[in-house]
Every structure is written in C-alpha cells, then in structure tokens.
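Written below as structure tokens is the structure these notes are about.
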Amino acid sequence: MQTVVAKLKYMRMSPRKARIYANIIKGLTANDAEAQLMLSPHRTRDYLLRLLRSAVANAVHNEKLNPETLYVKNIIVDNGPMTSRWTPRARGSASQIQKKTSHITIELGVKETATPKKYTIITKKKKKEEKPKKEKKTAKEPKHVHEEKTISVEKPKEKRGSGPKMFSRKAI
C-alpha cells in the first residue's frame, strides 16, 4: 500500500492545541478532512489545511494517484524547539515564558475503491479592485484664480410654545 508524506516544521503553536484538530481529521477521506478543516474556527486549521492540500498535491503530481482514493492514514504532532522569554515579576524576580513550536507530519494512504466526493470546495481568489481612472485636465488653470466661497447662515432657533415657562425644578 502506498503512502504519501508531507511535513510542516516549526509551526508557531503549541503541540497540545494542534493535536485537537489533527485528531479530528484522522481517518477521514481527503475531501472530508478538507471540508472539516474549512468549517473549524481555530487558528490551527489554516496550517493543517495548507499541509493537507500540499500532501494531496504531492500524491497527484509526484505519485500520479487519484485524489478520490486518498485518506488521512496518520497525522503526528510533535514538539519543536522552544524559545524562552522572560517577564518581570514581584520583588525583582522574573518568570519564564515558553514560546512553543510544533512539527506536524501527515500521511495519506490509498484506498482500493474511490469514494465519491461529498463536498464541493470552492476557493475564491481575491480579484484586484480596479481604481477609477482620473480624468486628465487638458487646460491648466492659473494658480492665482480662486473660487467664490459661499457662507451659510443658520437661522436662530425659535422658542417652543407661546406662553411662559410652566415648570421649574427649583422652588421660588
């Protein structure tokens, strides 16, 4: 049985957080795993989605395999190197901050029979917005010519009601 491997190293996230979503897609077909990752809200999904698509592309391009026969055989999330930083604490002491990284390895296996796609995944590419073209001025206006300025004058507010003030908070 053939397997295709793709690796992601030095992902700037702790392995404990990454394993949660890695275990969700284990055993699913490539299409189902991609759909599952597209719907998950966590930041890990972007990294896992790119890694899964890379593994599928490796299988199709290098091994000439049918993408409908691929499934996630195994996914392993290991510890990467930690960088340590320090933060000040009480009475002049310091405590360590561990910035953890992960190494992720995904293995895709090949099933005997092709399973039809349950989901159609549409990826939208951002189109560049066209800026409106500026109209070119044919005749240059002299700099010393000024436009007339109009000043608007507001009418004073009219008092409401015709009679004297009826209610006062302070007693007279």
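Order of 61-69, 34-42, 126-134 by packing, highest average Cβ count within 10 Å first?
Working: 61-69: 12.6, 34-42: 15.0, 126-134: 5.6.
Sorting 61-69, 34-42, 126-134 by mean packing, highest first, produces 34-42, 61-69, 126-134.
Work out the FRET efficiency for ARG16 and LYS125 from their Cβ-Cβ distance, taking R0 = 45 Å, and round it to the nearest 0.05. Intermediate results must be reported in sequence, preceding the final value.
On the way: r = 34 Å, r/R0 = 0.75.
Step by step, r from the Cβ atoms, then E = 0.85.
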Subject >> Residue-span extension gain [LYS117 to LYS7] - 0.36 nm each, minus C-alpha spacing >> reply: 37.1 nm
**OP:** Name the long-range amide H neighbours of THR3: under 5 Å, sequence gap of 5 or more, or other chain; modelled H, no Pro or chain starts.
**Re:** none
**OP:** Residues in segment 110-132, backbone N under 14 Å from the label point at MET38 (7 Å along the Cα-to-beta-carbon vector): list them, ranges by number please.
**Re:** 117-125
Original post:
Count of lysine pairs in segment 3-110 with Cα atoms under 23 Å apart, counting only pairs 8 or more residues apart in sequence or on different chains?
Top reply: 18
Original post:
Summing Lys, Arg as +1 and Asp, Glu as -1, what charge do residues with Cβ under 14 Å from the Cβ of THR115 carry, THR115 excluded?
Top reply: -1
Original post:
How far is it, in nm, from the label point at GLN96 to the one at LYS134 when both lie 7 Å from their Cα along the line to the Cβ?
Top reply: 5.7 nm
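Dipole of segment 3-110, Cα-centred, from +1 at each Lys and Arg C-beta and -1 at each Asp and Glu C-beta, to the nearest 20 debye?
860 debye
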Original post:
So how far, in whole Å, is the C-alpha centre of segment 95-137 from the one of segment 7-66?
Top reply: 10 Å
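Read-outs throughout are calculated quantities, based only on the coordinates presented, and are distinct from any laboratory measurement. No experiment lies behind these values; they were computed from the predicted model shown. Every residue, glycine among them, receives a Cβ derived from its backbone with ideal geometry; neighbour counts consider all protein chains shown.
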